[in-house]
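Asker: Sharing a structure below in structure tokens format, with a few things to ask.
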Amino acid sequence: MAKVDTNTNKVNFTADRVRSFKCADDKKESFLWDSGCTGLGIRAYSSGKKTYIFQASINGKTKRAVIGPVDSFDINEARDKANEYQKNAKNFISPTKVKREKAAIELAEEQEELRGTIKLKQVWLEYIESNKGRWGEKHHKDHIKAIQEPNQPWARGKGRLTKAGCLYPLISLKLKDLSAKKIEAWLKKENATRAGVAAQTYRLLFACLNWCTEQEKYTGLIDIAKLKTKDVKSAVTKLKSRTDTLQKEQLPAFFKYVRQIQNPVISAYVQTLLLTGARRNELTGLKWSELDFQWNSITIRDKATSKGAEAGYRVIPLTPYVASLLINLPRRNEWVFSTPTGATGKLTDPRKSLEPAFQAAGIEGLTLHGLRRSFSNLSEWVEIPTGVVAQIMGHKPSATAEKHYKQRPLDLLRKWHTTLEAWILEQADIAIPEFKDGHLTLIKGIK
């Protein structure tokens, strides 16, 4: 800060003098000091802006504070403010410190007022709006479903009403009323009927609250440490990892009954899940434009893309049998696995159609994610390198070499992927089709 001599250019402030004072033509700023009040001055800029300021020497250092625009204060108000600063200066208290302390007090008052009015639902909706652009479709839907109102008409099925979302009991709480005891009680109640959903929603809740603490307008409103007590964490059900997977000897029955499903889209979807190892939502979001029957590839929108690939996507082989399934599906819209009745036009939750087939095959308890797990487990029968399996499935690379050096080309992936598909089909006693020059050819009749 350049030191300004307050003993020069000093006049008694009047309305006319304040109004007529302006910055000198050859300078960026000029100062005018009040002879009637120690330390009060006007700072005029070349832009035409003028503000009242206060300046004093405290502990041998020049300290300055802005009082405010000239148009917002009359002379007496500016002098009163300057006199207030001057009293503090005599006690070696700088005006900037006074302003900081006052601002802190005002912020605390605003936060306390906000804490007493804002509800969790408002924060939750702002959190969704702020982050949905980088979330996957399922993750976004999980947040919407968590606060779903009860007894609303169901989107699918006449006469059915919605069930309250897992977080619904808490969303009407004001942030000041959100306590560890209430979160613990909420968890215990939800655990009685949907422990898995409650555990997931608990994690979503604290992700939201952590985001909240990073927002300037919500700073200080939430103390995460006080909410995430040992009692709260112990109320979260520890879920066991699922172990459902297809055994080699179960493959004939699986294919036999899944291929008998009357809906060809669902039948093809389930088989493709097993034969690609993809996540179920990756396949339901697959578009026709992402299939290449000429070069036999599938572009999958990925949640965990390995280094070197286009962000958000991975490209895997379109193997012969999967190609034979997909090429014959109806092209109703942009989605490969489409439905004429769903609101989005694509397959959403086909599990009810699968249960009879799984029961007939004697493999009750098999989940759609279990098919992805099966792809990984079955690959060991043909000794596929783990890095190849991870790249096809879209797992994040773990070892340093995988992260920085190994991005296998599509033809190398195809070598291993078609080997695995052929082995699975052989176990299921299904003929292996082959693509040549963009045309599907049968090696032998499909049984």
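Bear in mind that the values in this text are calculations on the coordinates, not laboratory data. Nothing here was measured: the structure is a model prediction, and the numbers come from that model.
Asker: Per 0.36 nm of contour for each residue apart, how much would the distance between Y45 and E364 grow if the chain were fully extended, relative to their Cα-Cα spacing?
Answerer: Full extension of this stretch gives 106.9 nm more.
Asker: Between rounded, prolate and oblate, where does the range 36-85 land on the alpha carbon gyration tensor, with a ≥ b ≥ c its root eigenvalues, rounded for a/c under 1.5, else prolate if a/b exceeds b/c? Show your work: numbers first, answer last.
Answerer: Details: a/c = 2.61, a/b = 1.33, b/c = 1.97.
Oblate shape, in that a/c is at least 1.5 and b/c is the bigger or equal ratio.
Asker: Ok, one more. Please label the shape of the range 123-232 as rounded, prolate or oblate, based on the square roots a ≥ b ≥ c of the eigenvalues of the alpha-carbon gyration tensor (a/c under 1.5 means rounded; beyond that, a/b larger than b/c means prolate, else oblate).
Answerer: Oblate.
Asker: Which entries in K189/K238; K138/K352; K233/K396; K119/K182; K188/K230; K138/K248 show an alpha-carbon gap greater than 22 Å?
Answerer: Checking Cα-Cα distances, K233/K396; K138/K248 exceed 22 Å.
Asker: For E290 and R134 in one chain, what is 0.36 nm times their gap in residues minus the Cα-Cα distance, to one decimal in nm?
Answerer: 54.1 nm
Asker: Taking square-rooted eigenvalues a ≥ b ≥ c of the alpha carbon gyration tensor, is the range 248-442 rounded, prolate or oblate, where a/c under 1.5 means rounded and, failing that, a/b exceeding b/c means prolate? List each step's numbers first, then the result.
Answerer: On the way: a/c = 1.43, a/b = 1.25, b/c = 1.14.
Rounded.
Asker: Full-extension gain between W381 and A195, please, as 0.36 nm times their residue separation minus the C-alpha to C-alpha distance.
Answerer: Length gained, W381 through A195: 63.4 nm.
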